[in-house]
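Working notes, structure below.
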Amino acid sequence: MLGDVFYNIDADIMVLGLLFVIFFALINLALRKTLKDRGTSGIVSFCVSLLAVYGISRTNWDVSGLFYSIGISENILYTVIPFIIIIGLIFIFWRLRKDLGAAFMIIGVILIIASFFVYEKLLLMGVGIGLFIIGLFLWLRQRRIKKTQKLIH
């Protein structure tokens with residue numbers, strides 16, 4: 001069932017999505033070193049990486065052709081990309097292990113955005129909305145617990 005969702009995603013869309021994540025991570029890492037405010041660095045890196053991927057998409061640059069020219073076939077992309085996504089999800093959970101609600105909300109938003117690009121839109125959108133709601137519930141619950149702990153101490 002999950003394999004069908006990944007199989008219905010176009011290779012170019014998947015490569016562009018992964019390029020977005022790579023650009024975002026690298027730009028955010030660079031900006032965190034220079035800017036004091038993490039929120040500003042996150043927003044700027046998100047916008048710059050979105051513009052970079054948008055520019056690549058608008059110029060009709062053949063991203064999958066680039067991989068074909070270096071010897072990576074479409075079948076390998078469909079085999080490797082789900083593992084990269086799973087590793088990315090594990091990294092998000094590991095990075096936000098103290099704030100599990102935020103991790104669920106981020107993954108839910110990613111799945112909701114991905115649902116616009118796949119064949120099984122309703123399934124992926126439903127899972128994304130469900131994860132976002134669970135994350136929001138956990139996040140609000142954690143905030144309430146922290147607030148009561150501050151009042152006690």
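The values are calculated or read from the model by the stated rules, or taken from the named source; none is laboratory data. Only a predicted model underlies this, so the values are computations on that prediction, with no experimental measurement involved. Cβ sites come from the backbone with ideal geometry, for glycine too, and all protein chains shown count toward neighbours.
Listed here are the residues, each with its yes/no results for (1) touching a His at 6+ places or on another chain (Cβ under 8 Å); (2) outside the structural domain of residue 120 (by TED's automatic domain parsing); (3) modelled with pLDDT under 75; (4) in a helix (DSSP H, G or I).
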position: 14; (1), (2), (3), (4): no, yes, yes, yes
position: 24; (1), (2), (3), (4): no, yes, no, yes
position: 36; (1), (2), (3), (4): no, yes, no, no
position: 44; (1), (2), (3), (4): no, yes, no, yes
If residue 59 meets every condition in (1) exposed (fewer than 15 other Cβ atoms within 10 Å of the Cβ); (2) modelled with pLDDT under 80 apart from one, which number is that one? (2)
Given (1) surrounded by 15 or more Cβ atoms within 10 Å (Cβ to Cβ); (2) under 24 Å from residue 14 (Cβ atoms); (3) more than 17 Å from the chain's Cα centre (by Cα), index of the condition residue 108 fails: (3)
Return yes or no: is residue 72 within 16 Å of residue 14 (Cβ to Cβ) and at pLDDT below 70? yes
For the range 114-153, what are the residues that are part of a helix (DSSP H, G or I), surrounded by 14 or more Cβ atoms within 10 Å (Cβ to Cβ), hydrophobic (A, V, I, L, M, F, W, C) and in contact (Cβ under 8 Å) with a residue 24 or more places away in the chain? 114, 117, 123, 124, 131, 132, 134, 136, 138, 139
